[in-house]
Amino acid sequence: MDRLFENLVMGVLAFLALYFLFGAIFGVFFHWRGIHRIDAGVAGSGILFRVLITPGIMAFWPWLAIRWQRAAAGLELAIDPEHTVSQKGLRRLHGLAWKALAVAIPLTVGVALWTRAKPLPDQPLPGKFSQSIAPVSH
Amino acid sequence: MSLSYRAVDWNRQKRFYDLTLAAFVVLACTTFAVVSWLVSPNFSAETIIIRTCAVVALSLLHIILCLGPLARLAPRFLPLLYNRRHLGVTMFFLGLIHASLALFQFHGLGDANPLVSLFTAYSRDFRAWGPGAAGWGQIPFEPFGAAALAILFVMAATSHDFWLRNLGASFWKSMHLGVYVAYGLLLVHVAYGVFQSEPSIAYPVLLGVGFAVVSTVHWLAAAKEKALDQQRHRAEREGLVDVCAPAEVSEGRGKVVLVAGQRIALFRHQGRLFATSNVCRHQGGPVGEGRIIDGCITCPWHGWNYQPEDGCSPPPFKEILSTYETRVVAGRVWVSPKPNSLGTRCEGAVVV
């Protein structure tokens with residue numbers, strides 16, 4: 001079971017590494033040929049701007065690739081022509097998030113406090129932290 | 001506002017904001033590190049740096065979470081909202097330093113891949129039930145921190161306006177609500193991490209106070225917003241809705257009114273009343289809480305400008321807010337619930 005879990009973790013991390021590696025390679029071509037096609041605001045921007053948006057390109061490269069392809073095909077690019085935000089929708093999401101946090105946080109933190117190990121006097125703490133806080137002996 | 005992207009649109013306010021932020025980070029880090037060293041002289045330098053970055057990052061996160069609702073409750077907090085993204089990116093980098101050093105100190109010197117070890121080391125020892133079961137307090141806490149850092153990375157990486165435009169404002173704003181998920185994950189990370197290793201009650205008390213403050217300001221702001229949404233207007237006439245008395249809108253100032261369930265910004269400029277959409281085209285800021293500066297409606301969040309007569313940004317910018325017909329009749333302001341077509345010029349209602 002442990003081995004299976006380790007393999008699963010390694011698989012997920014390998015996938016993420018490949019995803020971001022591909023994103024970095026895509027980013028080079030995107031900066032070179034694609035970015036001007038999808039956003040005219042890039043004209044005249046500096047190198048620091050390009051550096052700042054590169055991590056995002058590595059994360060969102062599939063979305064940008066679709067937009068680049070649409071621009072190359074001469075299709076409509078505007079995601080939201082009016083460029084508006086639904087304040088009501090956002091307020092509803094805010095409300096849901098806070099209701100969830102109001103229940104989940106006191107519950108999980110309460111359990112953590114209730115079940116925390118009680119260290120014995122003059123003994124290092126048990127478990128996972130003992131190594132990091134034990135006195136250094138010379 | 002700018003026609004072409006820049007890394008940072010520096011101005012005097014942003015410089016002051018960032019200098020203040022840098023001073024706060026340096027002061028907070030130094031204070032916590034010195035106090036930690038005095039209280040626990042056995043701690044190694046790495047441990048003190050790991051804990052310092054964590055505490056300062058979490059403090060910044062609490063401040064960040066309070067800014068939005070505080071700005072809704074009192075306009076004096078609006079300047080703090082102006083460059084909140086730099087606060088967020090700073091908080092992410094402090095978290096990244098914390099995570100990188102912790103990864104090296106606790107997982108980097110073994111024979112397993114440190115990143116694999118991060119997710120498997122404690123879970124290998126943890127048994128919730130059965131023989132050799134550990135207490136629930138021994139739940140592996142590091143994956144919660146890693147998940148929070150991943151969310152904060154996505155937010156920091158997409159904090160530039162380039163992403164706002166290219167991901168779409170609605171998706172961008174919704175994605176950045178992920179900060180609440182990250183906050184929840186970080187509190188769990190702390191509760192099953194430092195609470196288990198530190199017998200002191202100080203950490204739970206500080207975290208509890210922080211959560212109570214953040215929750216309270218959010219609930220207060222939500223109550224204020226709800227009250228606005230429950231406004232009832234008294235009359236309709238020729239398709240227009242009675243919203244307020246003219247005196248309720250001061251010269252050069254705005255007021256948010258509810259018309260047929262939607263929020264509309266009402267402004268008084270040079271003795272005339274103009275109505276526009278309350279949603280800024282930049283980040284959806286509440287335009288009606290802004291004011292008129294140099295003849296333009298100015299969004300209180302990031303200073304985007306619109307002309308009150310037609311809702312258009314001044315040339316060469318191209319953003320447009322919807323405008324609404326207004327009239328002043330029988331000592332009341334009347335607003336049409338139907339927007340004019342974009343860019344329509346309105347004369348405004350003369351305030352007698």
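The values are calculated or read from the model by the stated rules, or taken from the named source; none is laboratory data. No experiment lies behind these values; they were computed from the predicted model shown. Note that we place each Cβ from the backbone using ideal geometry, even for glycine, and neighbour counts take in every protein chain shown.
Of all residues being more than 7 Å from chain A (Cβ to nearest Cβ) and of a type in the set (A, V, I, L, M, F, W, C) in segment B:187-202, which is farthest from the chain's Cα centre (by Cα)? Just the residue, please. Talk me through it step by step, then tell me what you get.
First pass over segment B:187-202, keeping only residues more than 7 Å from chain A (Cβ to nearest Cβ): B:189-190, B:193-194, B:198, B:200-202.
Restricting the remaining residues to those that are of a type in the set (A, V, I, L, M, F, W, C) gives B:190, B:194, B:201-202.
Details: B:V190: 22, B:V194: 27, B:I201: 30, B:A202: 28 Å.
Per the stated criteria, the residue is B:I201.
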Apart from one, (1) surrounded by fewer than 21 Cβ atoms within 10 Å (Cβ to Cβ); (2) on the phi < 0 side of the Ramachandran plot; (3) not aromatic (F, W, Y) all hold for B:Q270; the odd one out is (2)
Within segment A:61-107, considering residues that are outside any helix (DSSP H, G or I), at pLDDT below 90 and among the hydrophobic types (A, V, I, L, M, F, W, C), the one farthest from B:S313 (Cα to Cα) = A:L75
When segment B:280-322 is examined, which residues are found to be buried (at least 23 other Cβ atoms within 10 Å of the Cβ), in contact (Cβ under 8 Å) with a residue 40 or more places away in the chain and in a strand (DSSP E or B)?
-> B:I297
So which residues in segment B:73-101 are buried (at least 20 other Cβ atoms within 10 Å of the Cβ) and in contact with an Asp or Glu (Cβ under 8 Å, 6 or more places away or on another chain)?
-> B:N83
For segment B:147-200, which residues satisfy the criterion of being without any contact (Cβ under 8 Å) to a residue 40 or more places away in the chain, of a type in the set (G, A, S), part of a loop (DSSP other than H, G, I, E, B) and closer than 30 Å to A:I38 by Cβ?
-> B:G168
Checklist (1) free of Cβ contacts under 8 Å to residues at least 24 places away in the same chain; (2) farther than 23 Å from B:A7 by Cβ applied to A:R50, failing item | (2)
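Taking A:D2 as the residue in question, decide whether it is surrounded by 12 or more Cβ atoms within 10 Å (Cβ to Cβ) and at pLDDT below 95. Before the answer, list the steps.
Numbers: surrounded by 12 or more Cβ atoms within 10 Å (Cβ to Cβ): no; at pLDDT below 95: yes.
Answer is no for this residue.
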All conditions in (1) more than 28 Å from B:V205 (Cβ to Cβ); (2) touching a Cys at 6+ places or on another chain (Cβ under 9 Å) are true of B:R6 except (2)
Looking only at segment B:330-349, which residues are surrounded by 13 or more Cβ atoms within 10 Å (Cβ to Cβ) and not in a loop (DSSP other than H, G, I, E, B)?
-> B:R332, B:V333, B:W334, B:V335, B:S336, B:P337, B:P339, B:A349
Qualifying positions in segment B:158-172 - facing chain A (nearest Cβ under 7 Å) and closer than 30 Å to B:F141 by Cβ = B:T158
Among B:V256, B:V279, B:V287, which is closer than 23 Å to B:N11 by Cβ and within 22 Å of the chain's Cα centre (by Cα)?
-> B:V287
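Restricting to segment B:70-108, name every residue that is hydroxyl-bearing (S, T, Y) and in a helix (DSSP H, G or I).
Pass one, segment B:70-108, residues hydroxyl-bearing (S, T, Y): B:82, B:90, B:100.
Selection gives B:T90, B:S100.
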Within the bounds of segment B:205-215, is there any residue that is of a type in the set (A, V, I, L, M, F, W, C), surrounded by fewer than 18 Cβ atoms within 10 Å (Cβ to Cβ) and over 29 Å from B:F153 (Cα atoms)?
-> no
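For segment A:95-111, what are the residues that are more than 7 Å from chain B (Cβ to nearest Cβ), within 24 Å of the chain's Cα centre (by Cα) and either within 15 Å of B:L220 (Cα to Cα) or not small (G, A, S) (or both)? I'd like the intermediate steps shown before the answer.
Quick first cut of segment A:95-111, residues more than 7 Å from chain B (Cβ to nearest Cβ) only: A:96, A:99-100, A:103, A:106-107, A:110.
Imposing the further condition that a residue be within 24 Å of the chain's Cα centre (by Cα) reduces the set to A:96, A:99-100.
Hits for segment A:95-111 are A:L96, A:K99.
Among the listed residues A:I47, A:I35, identify the single one that is more than 7 Å from chain B (Cβ to nearest Cβ), closer than 28 Å to B:C312 by Cβ and over 19 Å from the mean Cα position of the chain (by Cα). Steps first, please.
On the way: A:I47 fails: closer than 28 Å to B:C312 by Cβ.
Unique residue meeting the criteria: A:I35.
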A:A112 passes all but one of (1) modelled with pLDDT of 70 or more; (2) on the phi > 0 side of the Ramachandran plot; which number fails?
-> (2)
Assuming A:S45 fulfils every condition listed in (1) among the hydroxyl-bearing types (S, T, Y); (2) touching a Gly at 6+ places or on another chain (Cβ under 6 Å); (3) surrounded by 18 or more Cβ atoms within 10 Å (Cβ to Cβ) apart from one, which condition is it?
-> (2)
Picking from B:L65, B:L94, B:L58, which residue would you name as being more than 13 Å from chain A (Cβ to nearest Cβ), at pLDDT 95 or above and touching a helix residue (DSSP H, G or I) at 6+ places or on another chain (Cβ under 6 Å)?
-> B:L94
